[in-house]
1. Could you pull out the GluC sites (Glu not before Pro) across the stretch 130-184 that fall in loop regions by DSSP (anything but H, G, I, E, B) with no more than 16 other Cβ atoms inside 10 Å?
2. What percent does the relative contact order of the chain come to when contacts are Cα pairs within less than 8 Å and at least six residues apart?
3. Can you give me the long-range amide H partners of I33? Hydrogens built in the peptide plane at 1.01 Å from N, cutoff under 5 Å, separation of 5 or more residues or another chain.
4. Using the Cα centre of the stretch 19-106 as the reference point, and only Cβ charges (+1 on K/R, -1 on D/E), how large is the resulting charge dipole? Debye, rounded to the nearest 20.
5. Counting only C-alpha contacts under 8 Å and six or more residues apart, can you give the relative contact order of the stretch 1-48 as a whole percent?
6. So for the stretch 43-159, averaging the separation of alpha carbon pairs under 8 Å that are six or more residues apart and normalising by length, what relative contact order in percent results?
7. Specify which residue in the list W35, G171, V69 is farthest towards the positive end of the charge dipole of the chain, using unit charges on the beta carbon of Lys, Arg (+1) and Asp, Glu (-1), about the Cα centre.
8. If I model a spin label at T114 and D59 as a point 7 Å from the Cα along the Cα→Cβ vector, what separation in nanometres do I get?
Amino acid sequence: MTTVEFYFDLSSPWTCLAFHNIQPIIKENDAEIIWKPFLVGGVFNAVNQDVYAARENPDNRKFVHSFRVLKDWAALAGVPMNFPSEHHPVKSVHAMRVCCALEEDQMALHKFATAAFNAYYGDQRNLDDPAVLIAIANAVGLDGPALAALTQEQEVKDRLRANTEEAIARGAYGSPSIFVPFGEGERQSERMYFGNDQLPLVNWAIKQG
């Protein structure tokens with residue numbers, strides 16, 4: 001069974017789409033996916049600071065076009081994309097710490113991340129507000145107050161930092177960063193793919209294994 005690793009930050013709209021769209025690919029290929037929370041701001045600060053300069057230019061053609069195409073991708077996938085909101089760009093450190101607190105329970109992490117994506121991109125709720133995160137967790141049957149308390153534990157903070165540094169070391173420069181084992185035996189390596197539009201390559205790479 002091929003195991004795909006999906007490094008993600010809830011603050012990225014393209015990650016929201018990829019999170020949704022990769023799941024049928026995983027199911028189709030009888031593969032496994034591991035959700036890996038990280039802090040995309042930490043990645044940008046380390047290896048991709050150009051993204052900040054691009055955001056500051058309101059006439060940047062790539063960014064203007066990408067927002068238009070984002071809505072088309074969302075419509076194609078049937079994913080709510082009520083974006084951007086007044087909270088954009090959102091600080092995601094609290095939300096990603098909640099995700100890290102859930103990382104050992106992948107089903108719970110998936111449940112929370114799904115609800116958080118819907119809350120931010122569908123309902124325009126503020127993922128930087130701990131009360132909102134508690135409410136999202138409670139709504140999907142998790143213990144919101146307990147998770148909020150865990151976000152202040154050094155172990156959880158360290159895990160988020162470690163995941164971010166691990167992704168950078170493996171070549172990540174944004175969210176989502178998707179790693180797929182490629183080849184077999186001694187020739188096995190891995191492919192890294194970035195973003196929603198490279199999911200056909202993810203599908204292809206899984207099949208090569």
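1. Loop-located and lightly packed - E153, E184.
2. 31
3. The list, which skips near neighbours in sequence, is V4.
4. In debye, rounded to 20, the stretch 19-106 gives about 380.
5. Relative contact order for the stretch 1-48 comes out at 55 percent.
6. 23
7. Of the options given, the answer is V69.
8. Roughly 4.5 nm, to one decimal.
The values are calculated or read from the model by the stated rules, or taken from the named source; none is laboratory data. In this text, all values refer to a predicted model and were calculated from it rather than measured experimentally. FYI the Cβ positions are ideal-geometry reconstructions off the backbone, even for glycines, and counts take in every protein chain you see. All accessible areas refer to the heavy atoms of the entire protein, side chains included, with ligands and DNA or RNA removed. Shrake-Rupley method; radii C 1.70, N 1.55, O 1.52, S 1.80 Å.
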